[in-house]
Amino acid sequence: MKAIIFSGPSLPPTSITIEGPEWRPPLRQGDLYRAALEDPTALGVIDGFFDTTPTVWHEEILFALDRGIAVHGAASIGALRAAELDVFGMRGIGVIYEWFRDEKLQDDDEVAVLSAPAELGYQPLSEPMVNIRATVERVMSRRLINAEIGRLIVDLAKSMFFKQRTWDAVYASLRQHLSHQEVTELERILTINYVDQKRADAILLLQTIKELV
């Protein structure tokens, strides 16, 4: 039985340690349709192109589902598409999918990142908004920061263009509202409690598909 995973910055190929599924680069329009013609047991959608390259069509996923292929989505474009198509049989996995399914999040820029080219393993060069949200939620739940500071961090990060959204940029913006000492302490707290939600959800998808096949 065969499984194909489309992944990039959320889970670069060099970091995949689960054997079995076949790794392929982030989805472009038409890639999932062509993969479905190979009749794999399962398809895993993690990453795909958003910006200048046409992204995966909903019809491609529906085509795969109609062929009896189990299509899973998580972490990035996979979470977005799963939230839109779970009623048709696509399976969403992970926290980010649940956020979109429950309409806590709606914007594509929540999962979009600037990434290195294929030659450098699609390493992320900006910070996804969902990771910032997950990190802020963790430190707030641990009462390391209050709700006002949490909202400030999220609002400043959300106001940035996704390609320019980095922790350094967030800290620079915070310095316009807080003292240097306060920002230094925030940086320490957020670094120690950092949550890579995209990676966590992507790994969960891999584990789920491995069990399936």
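The values are calculated or read from the model by the stated rules, or taken from the named source; none is laboratory data. In this text the structure is predicted, and so the values were computed from the model without any measurement. Counting neighbours? That spans all protein chains shown, and the Cβs are built from the backbone with ideal geometry, glycine included.
Assorted remarks:
- Of all residues in the stretch 99-121, exactly one satisfies the criterion of being in contact (Cβ under 8 Å) with a residue 60 or more places away in the chain and part of a helix (DSSP H, G or I), namely Ala118.
- Filtered by the rule that a residue be part of a helix (DSSP H, G or I), at pLDDT below 90 and under 21 Å from Ile96 (Cβ atoms), the stretch 1-59 gives Pro13, Ser15.
- Residue match in the stretch 193-205 (condition: without any contact (Cβ under 8 Å) to a residue 24 or more places away in the chain and surrounded by fewer than 17 Cβ atoms within 10 Å (Cβ to Cβ)): no
- Residues in the stretch 122-155 that are of a type in the set (Gly, Ala, Ser) and touching a residue at least 60 places away in the same chain (Cβ under 8 Å): Ala134 alone.
- Arg133 vs. criteria under 18 Å from Phe100 (Cα atoms) and assigned to a helix (DSSP H, G or I): yes
- Every condition in (1) modelled with pLDDT under 95; (2) assigned by TED's automatic domain parsing to the domain that holds Gly48; (3) under 12 Å from the mean Cα position of the chain (by Cα) is met by Gln106 except one, and the failing one is (3).
- Here Val111 meets each of (1) modelled with pLDDT of 95 or more; (2) assigned by TED's automatic domain parsing to the domain that holds Leu11; (3) surrounded by fewer than 17 Cβ atoms within 10 Å (Cβ to Cβ) with one exception, condition (3).
- Residues of the stretch 80-96 that turn out to be under 18 Å from Ser7 (Cβ atoms) and touching a strand residue (DSSP E or B) at 6+ places or on another chain (Cβ under 6 Å), as a count: 7
- Residues located in the stretch 79-101, provided they are surrounded by fewer than 18 Cβ atoms within 10 Å (Cβ to Cβ) and β-branched (Val, Ile, Thr): Val87
- In summary, Asp168 fulfils each of the numbered conditions (1) of a type outside the set (Gly, Ala, Ser); (2) in the same structural domain as Arg188 (by TED's automatic domain parsing); (3) in a loop (DSSP other than H, G, I, E, B) with the single exception of condition (3).
- Of the residues making up the stretch 142-165, those that are of a type in the set (A, V, I, L, M, F, W, C), assigned to a loop (DSSP other than H, G, I, E, B) and under 22 Å from the mean Cα position of the chain (by Cα) are Met160, Phe161.
- If you go through the stretch 127-152 and keep only what is among the small types (Gly, Ala, Ser) and either in the same structural domain as Pro12 (by TED's automatic domain parsing) or loosely packed, with under 12 Cβ neighbours inside 10 Å (or both), you end up with Ser141, Ala147.
- Check on Val195, at pLDDT 95 or above, in a helix (DSSP H, G or I), β-branched (Val, Ile, Thr) and under 24 Å from the mean Cα position of the chain (by Cα): no
- Condition check for Asp155 on (1) under 14 Å from Arg133 (Cα atoms); (2) buried (at least 18 other Cβ atoms within 10 Å of the Cβ): one failure, at (2).
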